[in-house]
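*Asks:* Here's a structure for you.
The values are calculated or read from the model by the stated rules, or taken from the named source; none is laboratory data. These numbers come from a predicted model, not from an experiment. Here the Cβ positions follow ideal geometry from the backbone for every residue, glycine too, while neighbour counts run over all protein chains shown. Heads up: the accessible areas ignore ligands, DNA and RNA and are worked out on the full protein's heavy atoms, side chains in. Shrake-Rupley method; radii C 1.70, N 1.55, O 1.52, S 1.80 Å.
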Amino acid sequence: MDQYWVVGHPIKHSKSPEIHQAFAAQTQQVMEYSKHQLPLDGFEIEIAQFFTLGGQGCNVTVPFKEKAYHYATRLTERARLAGAVNTLKKLENGDILGDNTDGEGLVQDLLNNGVPLKQKRILLLGAGGAVRGVILPLLKQNPAILMIANRTESKAQQLALDFQDYGSITALSLEDCASLQVDVIINATSSGLAGTRPDLSDSVIHPEVTCYDMLYSANSTPFNQWAIECGAKRALDGLGMLVGQAAESFYLWRGVRPLTAPVLSTLRQQL
């Protein structure tokens, strides 16, 4: 039976096995998917052994995405620009393909929720690895402009510079956002983990804006709670992105695109 792993440290919390097992049942794919916590200094040895013993593919989460990037012998364009890999696939010639499906997972979740991106003004908060991984897929949707705002503006400016050849993109400080009129705001910071939100002015929220937090929880995240209280049209969390990026990995491995809605519904009920 074809073997697939998800690896990280820690990994106990991962919902990937449930997601991929549901995808396999839905699409009648015969495969086994399991999670494995790797030692912090043992990624390359463990993954090499996995593929040598017949492993077909692997999902990679914190803190190994950069190591997976360097381990891959071939990279997709989106992985190369992200500087991180969350999906590895063994090719027929023995090469290991590295991909990053996070951004496509985000885009598909927004589109599935009826949030148009083409010719829209999108504000992306943060400048870390999560942001770098979603910029290219967002730009491929041809927004009117993609604005990156970060507490340290220079980091946002560097990202805008790195991606300037791929679409309309600019950088600004969080303070500069107060006077903006935007259609979509995406929070890619980890502030919600500390129970806080980005230091963004209430004035950026208006009745037609859609807010999206890459984090998810059983209850509303601090960012989404603030957005709704300020009058945002709607606020979505990142559970759909999690399922969406998994679906993209599954498609890369198996050549079959699973339906995400029923799996997302089941996961939501389990939170």
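*Asks:* Given (1) assigned to a helix (DSSP H, G or I); (2) touching a residue at least 24 places away in the same chain (Cβ under 8 Å); (3) open to solvent by 70 Å² or more (accessible area, probe 1.4 Å); (4) not β-branched (Val, Ile, Thr), identify the lone condition not met by Pro207.
*Replies:* For Pro207, the exception is condition (1).
*Asks:* From (1) in contact with a strand residue (DSSP E or B) (Cβ under 6 Å, 6 or more places away or on another chain); (2) open to solvent by 40 Å² or more (accessible area, probe 1.4 Å); (3) more than 17 Å from Leu124 (Cα to Cα), pick out the condition that doesn't hold for Tyr251.
*Replies:* Single failed check for Tyr251: (1).
*Asks:* Among the residues in segment 138-152, are any in contact with a Phe, Trp or Tyr (Cβ under 9 Å, 6 or more places away or on another chain), at pLDDT 95 or above and open to solvent by 80 Å² or more (accessible area, probe 1.4 Å)?
*Replies:* Within segment 138-152, one or more residues are in contact with a Phe, Trp or Tyr (Cβ under 9 Å, 6 or more places away or on another chain), at pLDDT 95 or above and open to solvent by 80 Å² or more (accessible area, probe 1.4 Å).
*Asks:* Let me ask something else about it. Quick one: is Arg257 farther than 19 Å from Ile185 by Cα, in contact with a helix residue (DSSP H, G or I) (Cβ under 9 Å, 6 or more places away or on another chain) and either without any contact (Cβ under 8 Å) to a residue 24 or more places away in the chain or basic (Lys, Arg) (or both)? Walk me through how you get there before you give the answer.
*Replies:* On the way: farther than 19 Å from Ile185 by Cα: yes; in contact with a helix residue (DSSP H, G or I) (Cβ under 9 Å, 6 or more places away or on another chain): yes; either without any contact (Cβ under 8 Å) to a residue 24 or more places away in the chain or basic (Lys, Arg) (or both): yes.
Against the criterion (farther than 19 Å from Ile185 by Cα, in contact with a helix residue (DSSP H, G or I) (Cβ under 9 Å, 6 or more places away or on another chain) and either without any contact (Cβ under 8 Å) to a residue 24 or more places away in the chain or basic (Lys, Arg) (or both)), Arg257 qualifies.
*Asks:* Filter segment 153-194 down to the residues that are open to solvent by 50 Å² or more (accessible area, probe 1.4 Å) and of a type in the set (A, V, I, L, M, F, W, C) and list them by number.
*Replies:* Once the filter is applied, which keeps residues that are open to solvent by 50 Å² or more (accessible area, probe 1.4 Å) and of a type in the set (A, V, I, L, M, F, W, C), segment 153-194 yields Leu161, Leu193, Ala194.
*Asks:* For Gln26, state whether it is assigned to a helix (DSSP H, G or I), under 22 Å from Ala247 (Cβ atoms), open to solvent by 50 Å² or more (accessible area, probe 1.4 Å) and modelled with pLDDT of 95 or more.
*Replies:* Details: assigned to a helix (DSSP H, G or I): yes; under 22 Å from Ala247 (Cβ atoms): yes; open to solvent by 50 Å² or more (accessible area, probe 1.4 Å): yes; modelled with pLDDT of 95 or more: yes.
For Gln26, the condition - assigned to a helix (DSSP H, G or I), under 22 Å from Ala247 (Cβ atoms), open to solvent by 50 Å² or more (accessible area, probe 1.4 Å) and modelled with pLDDT of 95 or more - is met.
*Asks:* Sticking with this one: So Tyr212 ticks every box in (1) in a helix (DSSP H, G or I); (2) aromatic (Phe, Trp, Tyr); (3) within 22 Å of Asn142 (Cα to Cα) but one. Which box is left unticked?
*Replies:* (1)
*Asks:* Only one residue in Lys90, Lys65, Lys120 is under 26 Å from Gly238 (Cβ atoms), surrounded by fewer than 20 Cβ atoms within 10 Å (Cβ to Cβ) and either at pLDDT 95 or above or in contact with a Ser or Thr (Cβ under 7 Å, 6 or more places away or on another chain) (or both). Which one?
*Replies:* Working: Lys90 fails: under 26 Å from Gly238 (Cβ atoms); Lys65 fails: surrounded by fewer than 20 Cβ atoms within 10 Å (Cβ to Cβ).
Sole residue among the options that is under 26 Å from Gly238 (Cβ atoms), surrounded by fewer than 20 Cβ atoms within 10 Å (Cβ to Cβ) and either at pLDDT 95 or above or in contact with a Ser or Thr (Cβ under 7 Å, 6 or more places away or on another chain) (or both): Lys120.
*Asks:* Which condition does Ile186 not pass, out of (1) hydrophobic (A, V, I, L, M, F, W, C); (2) at pLDDT below 95; (3) under 25 Å from Gly244 (Cα atoms), if it passes all the others?
*Replies:* (2)
*Asks:* Counting only residues that are over 16 Å from the mean Cα position of the chain (by Cα) and in a strand (DSSP E or B), how many does segment 174-195 have?
*Replies:* Total satisfying the criteria: 1.
*Asks:* Go through segment 221-234 and count every residue that is surrounded by fewer than 19 Cβ atoms within 10 Å (Cβ to Cβ) and within 19 Å of the chain's Cα centre (by Cα). Spell out how you get there, then give the answer.
*Replies:* First, pick out the residues of segment 221-234 that are surrounded by fewer than 19 Cβ atoms within 10 Å (Cβ to Cβ): 225, 228-231, 233-234.
Right, trim to within 19 Å of the chain's Cα centre (by Cα) and you get none.
Within segment 221-234, residues that are surrounded by fewer than 19 Cβ atoms within 10 Å (Cβ to Cβ) and within 19 Å of the chain's Cα centre (by Cα) number 0.
*Asks:* Next question, about the same structure. Within segment 235-247, does at least one residue satisfy the condition of being open to solvent by less than 10 Å² (accessible area, probe 1.4 Å), of a type in the set (Val, Ile, Thr) and in a helix (DSSP H, G or I)?
*Replies:* Within segment 235-247 (the criterion being open to solvent by less than 10 Å² (accessible area, probe 1.4 Å), of a type in the set (Val, Ile, Thr) and in a helix (DSSP H, G or I)), the answer is yes, since at least one residue qualifies.
*Asks:* For segment 248-262, what are the residues that are part of a helix (DSSP H, G or I) and either of a type in the set (Gly, Ala, Ser) or under 12 Å from the mean Cα position of the chain (by Cα) (or both)?
*Replies:* Initially, segment 248-262 is screened for residues part of a helix (DSSP H, G or I), giving 248-254, 261-262.
Of everything in segment 248-262, those that are part of a helix (DSSP H, G or I) and either of a type in the set (Gly, Ala, Ser) or under 12 Å from the mean Cα position of the chain (by Cα) (or both) turn out to be Glu248, Ser249, Ala261.
*Asks:* Tell me which helices (runs of 4 or more DSSP H) are completely within segment 55-162 and hold 3 or more residues being free of Cβ contacts under 8 Å to residues at least 40 places away in the same chain, among the hydrophobic types (A, V, I, L, M, F, W, C) and at negative phi, or say none if there are none. Show your work before the answer.
*Replies:* Values: elements: 65-71, 77-82, 102-112, 129-139, 153-162.
The qualifying helices (runs of 4 or more DSSP H) are 153-162.
*Asks:* Residue under question is Glu18, and the condition is that it be in contact with a helix residue (DSSP H, G or I) (Cβ under 8 Å, 6 or more places away or on another chain), in contact (Cβ under 8 Å) with a residue 60 or more places away in the chain and open to solvent by 70 Å² or more (accessible area, probe 1.4 Å); does it hold?
*Replies:* Working: in contact with a helix residue (DSSP H, G or I) (Cβ under 8 Å, 6 or more places away or on another chain): yes; in contact (Cβ under 8 Å) with a residue 60 or more places away in the chain: yes; open to solvent by 70 Å² or more (accessible area, probe 1.4 Å): yes.
Considered against the rule, which asks whether it is in contact with a helix residue (DSSP H, G or I) (Cβ under 8 Å, 6 or more places away or on another chain), in contact (Cβ under 8 Å) with a residue 60 or more places away in the chain and open to solvent by 70 Å² or more (accessible area, probe 1.4 Å), Glu18 comes out as yes.
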